[in-house]
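The values are calculated or read from the model by the stated rules, or taken from the named source; none is laboratory data. Keep in mind that what you see is a predicted model, and the values were worked out from it rather than measured. Quick reminder, even Gly has a Cβ in these numbers, built from the backbone with ideal geometry, and neighbours come from all protein chains shown.
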Amino acid sequence: MGDDTPAEPLQENDLAAVERLKDAFNKLKGELSKVIVGQQAVLEELLIAIFARGHCLLIGVPGLAKTLMIHTLADALNLTYNRIQFTPDLMPSDITGTEVIQEDKATGVRQFKFLRGPVFANIVLADEINRTPPKTQAALLEAMQERQVTVGGERHRLPDPFFVLATQNPIEQEGTYPLPEAQLDRFMVNVLVDYPDEEEELDIVRLTTSLQKPSVTKVLSGADILELQEIVRKVPVADHVARYAVRLARMTRREKGEVPDFIRDYVSWGAGPRASQYLVLAAKARAVLFGRYYVSTEDVRAVAGPVLRHRIVTNFNAEAEGLRPDDIVQRLVKAVTVDEHESESGKLPKIFKSANAG
């Protein structure tokens, strides 16, 4: 079996659902393009995270419409949306909510009542997430991983679907608190938002300096998104594609097994097992969004940058030579090859068989 041949066909109703997901993807891009000029790669990576049920960190200088992009996405998805502006004086209760004492005027009985914070929304924009101290940053950890918050010893479930879409300014570092590796690892993808080209910037000026106010049509509901997320999980992954994703992640760990020399020279800490999981999930979502019923190694390569760049910690040697994690990922993609014997087997490993059963 070749690299681009399906490992296991989906059921007829699943195939129809894949077409539906592809159509929804194209409609969403169309609606977002009414407000956001260019940034097609950013929009694709953002939607891959949404349909793969992951959280997203967007990094870019001010003025690149990161906040507007997320707000417009929430409008197009017909989801509840809250924005939290992270500042040095923000407290954990400002995110999760707090308990207050309320008195029943009829009986005079006082009791605690939980007032929900802004984290109780389908899409939560954590704006400039690195501007608040670690104690407040950590308030999002439970929400991102367990999709719940615990206040006063009681657990409160968050709405489903639930996404944290965070922004970060890479140039202004005064008064910031870098996210710890454990929290960075909770983000499925790290999306770099770059400057627009000249023609795109001209279109931005025309769009934003006139009376024109484009309206965004709602494309999907929360129930639709949950259904489409299940479809992404059902997509089969051939053994050689899954193994390729695992190798990419494992090759970033300088202390484990045989790794390329540039990893030993420039990397101090590599990606954990969550990277392997997210590589496969993001590759599944990318394949389906482009209308394919199977995953190829090209899908894994395409998502390697967003999934791995924030999970690789470079050392002093890399900084001295001006090498970024993206440069390491690009070298890694070229260095890790697909075993031709494995690509001909076309068999699903047991873990993926059980995950796709039924």
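Screening the candidates Asp197, Asp261, Asp239 for the property of being of a type in the set (Asp, Glu) and touching a helix residue (DSSP H, G or I) at 6+ places or on another chain (Cβ under 9 Å) yields one hit, Asp239.
Among the residues of the stretch 311-323, the ones that are touching a residue at least 12 places away in the same chain (Cβ under 8 Å) and either part of a loop (DSSP other than H, G, I, E, B) or closer than 21 Å to Arg250 by Cβ (or both) come to 8 in all.
For beta carbons closer than 8 Å, sequence separation of 6+ or different chains, a first residue in the stretch 107-128 that is free of Cβ contacts under 8 Å to residues at least 24 places away in the same chain and assigned by TED's automatic domain parsing to the domain that holds Ser93 and a second that is surrounded by 12 or more Cβ atoms within 10 Å (Cβ to Cβ) and hydroxyl-bearing (Ser, Thr, Tyr), the qualifying pairs are Leu115/Thr98.
Scanning the stretch 21-33 for residues that are surrounded by 15 or more Cβ atoms within 10 Å (Cβ to Cβ) and more than 17 Å from the chain's Cα centre (by Cα) yields Leu21, Lys22, Ala24, Glu31, Leu32, Ser33. The lone criterion from (1) in contact (Cβ under 8 Å) with a residue 40 or more places away in the chain; (2) under 18 Å from the mean Cα position of the chain (by Cα) left unmet by Gly152 is number (2). When Thr67 is tested against the conditions (1) part of a loop (DSSP other than H, G, I, E, B); (2) modelled with pLDDT of 80 or more; (3) among the hydroxyl-bearing types (Ser, Thr, Tyr), the lone failure is (1).
Exactly one residue out of Ser215, Ser210 is farther than 15 Å from Met69 by Cα, part of a loop (DSSP other than H, G, I, E, B) and either aromatic (Phe, Trp, Tyr) or at pLDDT below 85 (or both): that is Ser210. Restricting attention to the stretch 196-209, does a residue exist that is more than 21 Å from Leu125 (Cα to Cα) and either buried (at least 20 other Cβ atoms within 10 Å of the Cβ) or under 23 Å from the mean Cα position of the chain (by Cα) (or both)? Checked against the condition, which is being more than 21 Å from Leu125 (Cα to Cα) and either buried (at least 20 other Cβ atoms within 10 Å of the Cβ) or under 23 Å from the mean Cα position of the chain (by Cα) (or both), the stretch 196-209 yields at least one hit. For Met69, state whether it is on the phi < 0 side of the Ramachandran plot, in contact (Cβ under 8 Å) with a residue 24 or more places away in the chain, of a type outside the set (Ser, Thr, Tyr) and buried (at least 19 other Cβ atoms within 10 Å of the Cβ). It is true that Met69 is on the phi < 0 side of the Ramachandran plot, in contact (Cβ under 8 Å) with a residue 24 or more places away in the chain, of a type outside the set (Ser, Thr, Tyr) and buried (at least 19 other Cβ atoms within 10 Å of the Cβ). Scanning the stretch 34-64 for residues that are aliphatic (A, V, I, L, M) and without any contact (Cβ under 8 Å) to a residue 40 or more places away in the chain turns up Ile36, Ala41, Leu43.
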